[in-house]
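The values are calculated or read from the model by the stated rules, or taken from the named source; none is laboratory data. Quantities reported herein were computed from a predicted structural model and do not represent experimental measurements. Cβ placement follows ideal geometry from the backbone for every residue including glycine, while neighbour counts extend to all protein chains displayed.
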Amino acid sequence: MNKYVFLFVITLTAFLLVSCGEKKASTSLNAMDTFMTIQVYGKKPEIALEKTKKLIYQIEQNISTTNKNSDVYRLNHGESISVSGDTLTLTKYGLDFAKQTDGVFNPALYPITSAWGFTTGDYKVPSQNQIDELLPLTDYSKIQINGGFINLEHGMALDFGAIGKGYTGDEVIKLLKDNGIRSALLDLGGNIQALGKKPDGTEWIIGIKSPWTGKAAASIKIADKAVITSGGYERFFTADDGHNYIHIFDGKTGRPVDNGIAGVTIITESGLYADALSTTMFVMGLQDTASYWKRHSDFEMIIFTENQNLYFTEGLEGKLQLLADFASVNIIRK
Ligand code: AMP
Ligand code: MG
C-alpha cells in the first residue's frame, strides 16, 4: 500500500470511529472497602457506567462481611440460607481452589483474621491458645452446599476478600460487553482489568506498584487481561514488639505470612483466577510458587521480595519494562 492510500485508510478509520459515536466516560466509586475507577469507550458509555455501578454495589451487598443483610453476614452469623448466584459461585470457586491448593487458599479463615483485628481495624496479636482454638473453625471441608443452600458449622465464617474484586471485575467486563463496549479499563482498588485494547488500537500500559516507594516499579502492556496484585504493604499493622503483621494469612499456622515476599502480581485472562492466584502465590513463598507455575503455566507472575529482588515468569520477557533498581532480576523458566 502506498503512503497516501495508507494515510487515507487511517483517516477513514478515525472518521468512522468518530461518526460511530465512540465516546469516553469514566466514574469512580468507593465499594468493597476500596476506591475504584472505571473508564469505558463506546456509543453510550454513561448508560454502561450506571449499570456497572449498580452491579458492583449489588455484588458488594451479597458478599459483604459487614452488611447485616448480606448472604455472607447471615451465613457467618449462623443462618442456613439460599444464597445469591454471586455468593454461590464464590463459595464453590473458593472451595475448589482450597482443595486444589491443599488449603493454602482458604475462604474460611475469617475467625482467624478477625482475631488479629483485620476485620475491624482493632489490631492485636492473639495468644497461641486462642489461635489453636480457632484453627479447627477454618476447616473448609466442613462447608456444606446443597443446591443453592449453604450451611456453616457454628463459629465458622466465610470471607471473599481474596477473590471478590477479581470476580467483580469479570462480571463488570461481561456486562460492558453485553452493552456494546469494546474498550474499557477497570481499576478496582489496584486490581486492573482491561477489556480489549485502547480505542486507538494500542495496548494499555499498566504500572506495577513498588512495595517500597508506591510509585511504578515496572510496567507492562496488556489487552483483555487482568493484572492483579497481592501486597503485604497494602494492609498491615505494627505491634508493640515492632513487628509488622500483614493481612495475608498462612492457614496452617493461623498467623500472617512472613516469608520474605513483598508483593505478587498475576497476569491472566480471568480476574477471579488472577485474584485467587495472587493471594495463594503470596502464601506459598518463592520456591513453591515457581513449581506451581511450572505445573500450571496458564498465567504470568511478577514477585517482589522484601530484600528487593525481582522474579518474573519467562512469558513476560521483553514485555515487562523495569522502572526501578532491584537487588537482582531473575526469570522463572520452565
Ligand atoms: P488479596 O489482596 O487478594 O491477596 O486478598 C487478601 C485478603 O484475603 C485478606 O484481607 C483476607 O481477607 C483474605 N485472606 C488472607 N489470607 C488468605 C488465604 N490464605 N486464603 C484466602 N483468603 C485469605
Ligand atoms: Mg487475591
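Could you tell me whether ALA157 is away from ligand 2 (no atom under 16 Å from the Cβ), surrounded by 21 or more Cβ atoms within 10 Å (Cβ to Cβ), among the small types (Gly, Ala, Ser) and under 28 Å from HIS77 (Cα atoms)?
Values: away from ligand 2 (no atom under 16 Å from the Cβ): yes; surrounded by 21 or more Cβ atoms within 10 Å (Cβ to Cβ): yes; among the small types (Gly, Ala, Ser): yes; under 28 Å from HIS77 (Cα atoms): yes.
For ALA157, the condition - away from ligand 2 (no atom under 16 Å from the Cβ), surrounded by 21 or more Cβ atoms within 10 Å (Cβ to Cβ), among the small types (Gly, Ala, Ser) and under 28 Å from HIS77 (Cα atoms) - is met.
How many residues, within the stretch 1-52, are modelled with pLDDT of 80 or more and among the polar types (S, T, N, Q)?
8
So which of GLY318, GLY207 ends up being more than 16 Å from ligand 1 (Cβ to nearest atom) and either under 23 Å from TYR110 (Cβ atoms) or within 18 Å of the chain's Cα centre (by Cα) (or both)? Please lay out each step first, then the result.
On the way: GLY318 fails: either under 23 Å from TYR110 (Cβ atoms) or within 18 Å of the chain's Cα centre (by Cα) (or both).
Going through GLY318, GLY207 in turn, the sole match is GLY207.
Step by step: first the residues of the stretch 93-134, then only those that are in contact with a strand residue (DSSP E or B) (Cβ under 7 Å, 6 or more places away or on another chain) and not hydrophobic (A, V, I, L, M, F, W, C), then the one that is surrounded by the fewest Cβ atoms within 10 Å (Cβ to Cβ). Which residue is that?
Ranking the candidates gives TYR123 first.
Please enumerate the residues belonging to the stretch 172-186 that are closer than 24 Å to ILE63 by Cα and either surrounded by fewer than 20 Cβ atoms within 10 Å (Cβ to Cβ) or more than 16 Å from ligand 2 (Cβ to nearest atom) (or both). Steps first, answer last, please.
Pass one, the stretch 172-186, residues closer than 24 Å to ILE63 by Cα: 172-178, 185-186.
Within the stretch 172-186, VAL172, ILE173, LYS174, LEU175, LEU176, LYS177, ASP178, LEU185 qualify.
Of all residues in the stretch 258-284, count the ones that are away from ligand 1 (no atom under 12 Å from the Cβ) and of a type in the set (Gly, Ala, Ser).
3
Which numbered condition trips up GLU234, out of (1) in contact with a His (Cβ under 8 Å, 6 or more places away or on another chain); (2) at pLDDT 95 or above?
Every condition holds for GLU234 apart from (2).
Restricting to the stretch 266-280, count the residues that are more than 9 Å from ligand 2 (Cβ to nearest atom), closer than 17 Å to GLY315 by Cα and surrounded by 24 or more Cβ atoms within 10 Å (Cβ to Cβ).
So the count comes out to 1.
Does the stretch 261-276 contain any residue that is among the acidic types (Asp, Glu) and in contact with an Asp or Glu (Cβ under 7 Å, 6 or more places away or on another chain)? Lay out the reasoning, then the answer.
Let us first name the residues in the stretch 261-276 that are among the acidic types (Asp, Glu), namely 269, 275.
From the residues that got through so far, the ones that are in contact with an Asp or Glu (Cβ under 7 Å, 6 or more places away or on another chain) too are 269.
Yes - at least one qualifying residue is present in the stretch 261-276.
Would you check if there is a residue in the stretch 81-95 being more than 23 Å from the chain's Cα centre (by Cα) and farther than 21 Å from TYR245 by Cα?
Quick first cut of the stretch 81-95, residues more than 23 Å from the chain's Cα centre (by Cα) only: 81-82.
Narrowing further to those that are farther than 21 Å from TYR245 by Cα: 81-82.
Yes, there is a match, as at least one residue in the stretch 81-95 is more than 23 Å from the chain's Cα centre (by Cα) and farther than 21 Å from TYR245 by Cα.
So which of THR213, THR238, THR253 ends up being among the hydroxyl-bearing types (Ser, Thr, Tyr), closer than 26 Å to GLN193 by Cα and surrounded by fewer than 20 Cβ atoms within 10 Å (Cβ to Cβ)?
Details: THR238 fails: closer than 26 Å to GLN193 by Cα; THR253 fails: closer than 26 Å to GLN193 by Cα.
Matching residue, one of THR213, THR238, THR253: THR213.
Restricting attention to the stretch 293-313, and to residues there that are aromatic (Phe, Trp, Tyr) and more than 15 Å from ligand 2 (Cβ to nearest atom), which single residue is surrounded by the fewest Cβ atoms within 10 Å (Cβ to Cβ)?
Here is the first cut: in the stretch 293-313, the residues aromatic (Phe, Trp, Tyr) are 293, 299, 304, 311-312.
With the extra rule that they be more than 15 Å from ligand 2 (Cβ to nearest atom), the set shrinks to 293, 304, 311-312.
On the way: TRP293: 23, PHE304: 28, TYR311: 20, PHE312: 24.
Ranking the qualifying residues of the stretch 293-313, first place goes to TYR311.
Show me the strands (runs of 3 or more DSSP E) found entirely inside the stretch 189-230 where at least 1 residues are modelled with pLDDT of 95 or more, over 27 Å from LYS23 (Cβ atoms) and of a type outside the set (S, T, N, Q). Please lay out each step first, then the result.
Details: elements: 191-195, 204-209, 216-222.
Those strands (runs of 3 or more DSSP E) span 204-209, 216-222.
Show me the helices (runs of 4 or more DSSP H) entirely contained within the stretch 19-131 in which 2 or more residues are away from ligand 1 (no atom under 16 Å from the Cβ) and in contact (Cβ under 8 Å) with a residue 60 or more places away in the chain. Quick ask: steps written out before the conclusion?
On the way: elements: 45-63, 71-76, 85-100, 110-115.
Qualifying helices (runs of 4 or more DSSP H): 45-63, 85-100.
Determine whether the stretch 319-331 contains at least one residue that is outside any strand (DSSP E or B) and on the phi > 0 side of the Ramachandran plot. Break it down stepwise before answering.
Step one: filter the stretch 319-331 for residues outside any strand (DSSP E or B), giving 319, 323-327.
Imposing the further condition that a residue be on the phi > 0 side of the Ramachandran plot reduces the set to none.
No: zero hits.
Condition (residue is part of a strand (DSSP E or B) and in contact (Cβ under 8 Å) with a residue 12 or more places away in the chain) applied to the stretch 162-183: is it met by at least one residue? Before the answer, list the steps.
At the first step, the residues of the stretch 162-183 found to be part of a strand (DSSP E or B) are 183.
Next, from what is left, pick out any that are in contact (Cβ under 8 Å) with a residue 12 or more places away in the chain: 183.
Within the stretch 162-183 (the criterion being part of a strand (DSSP E or B) and in contact (Cβ under 8 Å) with a residue 12 or more places away in the chain), the answer is yes, since at least one residue qualifies.
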